[in-house]
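Enquirer: This is the structure I want to talk about, given as structure tokens.
Read the figures in this text as sums done on the coordinates, not as results from a lab. Predicted model only: the values in this text are computed from it and were never measured. Reconstructed Cβ throughout: ideal geometry from the backbone, glycine too, with neighbour counts over all protein chains shown.
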2 protein chains.
Amino acid sequence: MSDNEHLEQFMRRAIRLATENVEAGCGGPFAAVVVQNGRIVAEGTNTVTSSCDPTAHAEINAIRSACRELGVFQLSDCDLYTTCEPCPMCLGALYWARPRRVYYAATRDDAAAVGFDDAYIYNELGNDPHKRALPMQQLLRAEAQESFRAWDAKQDRVEY
Amino acid sequence: MSDNEHLEQFMRRAIRLATENVEAGCGGPFAAVVVQNGRIVAEGTNTVTSSCDPTAHAEINAIRSACRELGVFQLSDCDLYTTCEPCPMCLGALYWARPRRVYYAATRDDAAAVGFDDAYIYNELGNDPHKRALPMQQLLRAEAQESFRAWDAKQDRVEY
């Protein structure tokens, strides 16, 4: 099997999971798999509506599942395959999870064409905070430094 | 109590939770509360390292907890108070959860000053995908449309 066929078999698995997820009524048409040393260690599909959790996107579910499975909070030696370009939430999650590489199939525009907000949210995040549709207001910035001082002073803190 | 004092009491509660979270060794110096009709319906702190979950930021935990508590997957009549400007993952999550308004205290630069990647990830998301530090590669875009067609054809789909 060529290198590319090897990669494609993982993506085909994810695409099958995404289609089955729709058919089963579990959520949106998205799935992801996490691969370590050529082996799938975790899978996730979008379960936003069935699990009442707006953060339960395929990538987030797959990352959480892989970390649980491997007992780690970073996926440094893993690759993630997702059926669609990650939305900003999921791309942010990937930066925190730090996999080696991400493979994706469809684009944010393909997702927008069937009614999903991914492209819209990318635009919003790029906007000046005061021009965003989600109103945000700052309060008590000075007081909040107390928590950061506690972190900075903690000798046995576990960084991530 | 003036309107602002009312808002500040929720933020002070979050700041206290964030500091306690550090002292208890549960994770980073961040907390969030979700408020509906002047009442806290859910709280969350950062538990990345203690729960082995890179997505377990304060806002994500608070959103998940509020949705579980209220049995919904959108927080349209809620406000979220967070001790720090949300990172891109959490801001993306807020766009999916759709609260009325977000209050935040510290900034991404305050977080960067004590070693957190929030500001860095904002910069990365703004970059052209091919210039990002996280390598991403597209595969099988055409095949992945199958899942979107299944979604589009599903009569009883639950949108979000």
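Enquirer: For A:V41, B:V48, what ranking results if the residue with the fewest other Cβ atoms within 10 Å of its Cβ goes first?
Expert: By the 10 Å Cβ count, ascending, the order reads A:V41, B:V48.
Enquirer: Also, I was wondering about something else. One decimal, nm, shortest first: give the distances between the label point of B:R100 and those of the same position in the other copies, each label point 7 Å from Cα along Cα→Cβ.
Expert: Taking the point 7 Å beyond Cα along Cα→Cβ, the inter-copy spacings are 4.9 nm.
Enquirer: Exactly which GluC sites (Glu not before Pro) in region B:92-160 are in a DSSP loop and have at most 16 other Cβ atoms within 10 Å?
Expert: Here the GluC sites (Glu not before Pro) that fit, given the DSSP loop and packing criteria, are B:E159.
Enquirer: Before rounding to the nearest 500, sum -39500 (n - 2.57) across all DSSP H runs of length at least 4 in the protein assembly as shown and divide by the residue total; then give [θ] at 222 nm in deg cm²/dmol.
Expert: After summing the helix terms and dividing by the residues of the protein assembly as shown, the value is -14000 deg cm²/dmol.
Enquirer: If you don't mind, another one. Treating only the Cβ of Lys, Arg, Asp and Glu as charged (+1, +1, -1, -1), what charge dipole size does region B:1-99 show about its Cα centre? Round to the nearest 20 debye.
Expert: 200
Enquirer: With 10 angstrom as the radius, rank B:T49, A:T83 by how many other C-beta atoms surround their C-beta, starting from the fewest.
Expert: So the residues, fewest neighbours to most, are B:T49, A:T83.
Enquirer: Something else: Just grab the label-to-label distance for B:A113 and B:D3, each label 7 Å out from Cα along the Cβ direction, in nm (one decimal).
Expert: Inter-label distance under the simple model: 3.0 nm.
Enquirer: Tell me, what ³J(HN,Hα) does each residue in region A:95-103 have, in order and in whole Hz, if you take phi through Karplus 6.51 cos²θ - 1.76 cosθ + 1.60 with θ = phi - 60° and put x for Gly and Pro?
Expert: 4, 6, 7, 6, x, 5, 7, 10, 10
Enquirer: Tabulate in residue order the Karplus-calculated ³J(HN,Hα) for region B:25-35, using 6.51 cos²θ - 1.76 cosθ + 1.60 with θ = phi - 60°, rounded to whole Hz; enter x for Gly and Pro.
Expert: x, 8, x, x, x, 9, 8, 8, 10, 10, 10
Enquirer: Could you list B:V35, A:V72 so that the one with the fewest beta carbons within 10 Å of its beta carbon is first and the one with the most is last?
Expert: Least to most surrounded, the residues fall as A:V72, B:V35.
Enquirer: Could you pull out every one of the lysines with an alpha carbon less than 29 Å from that of A:K131, ignoring same-chain neighbours closer than 8 positions?
Expert: Of all the lysines, those that pass the test against A:K131 - Cα under 29 Å, at least 8 places apart if same chain - are B:K131.
Enquirer: Work out from phi, with θ = phi - 60° and the Karplus expression 6.51 cos²θ - 1.76 cosθ + 1.60, the ³J(HN,Hα) of each residue of region A:139-149, listed in order in whole Hz, and give x for Gly and Pro.
Expert: Couplings: 9, 6, 4, 4, 4, 5, 5, 3, 5, 5, 5 Hz.
Enquirer: In chain B, which longest range has no trypsin sites (Lys or Arg not before Pro) that are both DSSP loop (not H, G, I, E or B) and surrounded by at most 15 other Cβ atoms within 10 Å?
Expert: Numbers: sites that count: B:R100, B:K154.
The longest uninterrupted stretch comes out as B:1-99.
Enquirer: Name the long-range amide H neighbours of B:R101: under 5 Å, sequence gap of 5 or more, or other chain; modelled H, no Pro or chain starts.
Expert: Under 5 Å from the amide H of B:R101 lie the amide H atoms of B:L80, each far enough along the sequence or on another chain.
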